[in-house]
Amino acid sequence: MRTKKNFADRLARFWVVDRRLLAVVLLFVSLLSVKAQGDADEKYAADLLRPGVEAPDFVVANAGADYDGMSLSSLRGKYVVLDFWASWCPDCRKDIKKIRWMNRHFASDSIVFIGMSFDKTEEAWRKCVADSAMTWMQHREQKPWKETQVAKDYHVNWIPTIYLIGPDGRVKLGTVVANKLRRTLETIAPEAVANRKKTLRTNDGAPEGVKLLSEADLERFPGGGKAMKKYINRHLQYPEMASELQAAGHVMMIYTLNPDGSITDITATDCKLTHINTAALAKYTTEQQGEVRKECMRQFAKEGYRIFKNMPKWKETMDGRPVKGMYLLNFSGVEFIER
């Protein structure tokens with residue numbers, strides 16, 4: 001008995017020490033990550049324009065886009081994110097999902113994103129923009145990176161490089177670390193942060209008898225409400241035509257959650273396009289363009305139906321009543337990055 005007790009005591013002491021060691025290691029890794037981010041700016045952002053400097057003006061070039069020919073100065077009164085990148089740049093490709101996420105959560109009437117590409121060919125640029133669902137404003141320089149005036153004006157010696165321009169037209173932030181932009185945007189757009197941290201709580205416009213499911217209802221999904229969102233983000237596929245046209249939009253899914261945990265009566269309503277690349281759309285005739293838009297919305301609805309049809313079975317309930325629920329699916333290419 002004494003041997004067993006001594007062994008148990010030693011095991012308990014080892015477990016305590018092991019947990020403390022793990023905590024120290026995690027803290028050390030975290031500090032290294034923060035230091036690495038700081039070192040990146042120290043190394044690559046030292047020559048960037050300082051906060052308070054007036055941002056050099058330029059004109060956005062994207063043939064066929066409704067913002068083609070728009071100047072930076074015309075956006076005074078708004079915050080403007082300038083993301084300098086290229087499709088051939090591995091670090092830039094890694095940051096696309098971060099910029100896409102920020103565009104989804106922070107872009108508004110007062111915060112605008114512009115991609116500033118140094119791609120050598122228009123074909124490579126447009127392909128990456130389409131494949132990566134980069135639905136915000138996009139601009140491409142027509143000369144090699146180091147020869148462009150905008151690269152010289154903004155001291156872009158490394159990509160990706162990111163600037164945040166304030167409503168007064170002056171630099172607020174210059175960095176090569178995407179997470180620094182995110183932290184800055186969180187300070188100037190608290191309403192966006194608040195909206196991101198909570199689920200939509202309104203049932204305005206819902207059909208009679210339909211509602212957003214309560215927290216208790218969502219707990220019936222295997223793993224709970226967060227697991228349901230993760231499931232959707234992981235399995236939702238961007239429709240091919242929508243990707244080709246850089247289309248973004250949303251669809252409201254209406255469904256019945258039955259007492260046995262099955263999902264039935266799935267319908268898609270309120271299908272809307274919120275963005276489409278006009279240059280890509282111009283490849284179609286005027287008569288075809290209306291049908292192309294409708295087809296994009298049909299594909300959004302079809303994908304929404306597939307997601308809910310293939311959902312895992314929810315937990316059963318004993319109250320014997322079905323629940324009519326709704327879920328807004330956003331197709332902007334950004335919900336699929338945090339998997």
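Tabulated values for the structure
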quantity	calculated
Pair list, Cβ < 7 Å and 6+ apart or interchain, from the stretch 111-132 residues that are farther than 17 Å from Asp83 by Cα and in contact (Cβ under 8 Å) with a residue 24 or more places away in the chain to residues that are assigned to a helix (DSSP H, G or I) and open to solvent by less than 40 Å² (accessible area, probe 1.4 Å)	Asp131/Ser243
Complete set of residues in the stretch 261-288 that are open to solvent by 50 Å² or more (accessible area, probe 1.4 Å), assigned to a helix (DSSP H, G or I) and not hydroxyl-bearing (Ser, Thr, Tyr)	Glu287, Gln288
Contacts under 6 angstrom Cβ, first residue in the stretch 319-332 being within 27 Å of Ala248 (Cα to Cα) and open to solvent by less than 60 Å² (accessible area, probe 1.4 Å), partner in a strand (DSSP E or B) and among the aromatic types (Phe, Trp, Tyr), 6 or more apart	Gly325/Tyr255
Val251, sole failed condition from (1) outside any loop (DSSP other than H, G, I, E, B); (2) at pLDDT 90 or above	(2)
Some residue of the stretch 289-299 being surrounded by 19 or more Cβ atoms within 10 Å (Cβ to Cβ) and of a type outside the set (A, V, I, L, M, F, W, C)	yes
Residues located in the stretch 83-102, provided they are touching a residue at least 40 places away in the same chain (Cβ under 8 Å) and assigned to a loop (DSSP other than H, G, I, E, B)	Ala86, Ser87, Cys89
Considering residues of the stretch 55-68 that are out of contact with any His (no Cβ under 9 Å at 6 or more places or on another chain) and modelled with pLDDT of 90 or more only, the residue surrounded by the fewest Cβ atoms within 10 Å (Cβ to Cβ)	Asp57
Filter result (closer than 21 Å to Ser132 by Cα and open to solvent by 60 Å² or more (accessible area, probe 1.4 Å)) within the stretch 69-93	Trp88, Pro90, Asp91, Arg93
Criterion violated by Asp217 - all others in (1) more than 25 Å from Trp101 (Cα to Cα); (2) in a helix (DSSP H, G or I); (3) open to solvent by 50 Å² or more (accessible area, probe 1.4 Å) satisfied	(3)
Scan of the stretch 231-250 for residues that are surrounded by 15 or more Cβ atoms within 10 Å (Cβ to Cβ) and either more than 30 Å from Ala63 (Cβ to Cβ) or more than 26 Å from the chain's Cα centre (by Cα) (or both), ordered by number	Tyr231, Ile232, Leu236
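Residue-wise test of (1) basic (Lys, Arg); (2) at pLDDT below 85; (3) over 20 Å from Ala216 (Cβ atoms).
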residue	(1), (2), (3)
Lys230	yes, no, no
Thr267	no, no, yes
Thr274	no, yes, yes
Arg298	yes, no, yes
Glu303	no, no, yes
Lys309	yes, no, yes
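The values are calculated or read from the model by the stated rules, or taken from the named source; none is laboratory data. All figures in this text were calculated on a predicted structure; none of them were measured in a lab. Methodologically, a virtual Cβ is constructed for each residue, glycine included, from the backbone with ideal geometry; neighbour enumeration extends over all protein chains shown. The area values use the complete protein model at the heavy-atom level, side chains included, leaving out ligands, DNA and RNA. Shrake-Rupley method; radii C 1.70, N 1.55, O 1.52, S 1.80 Å.
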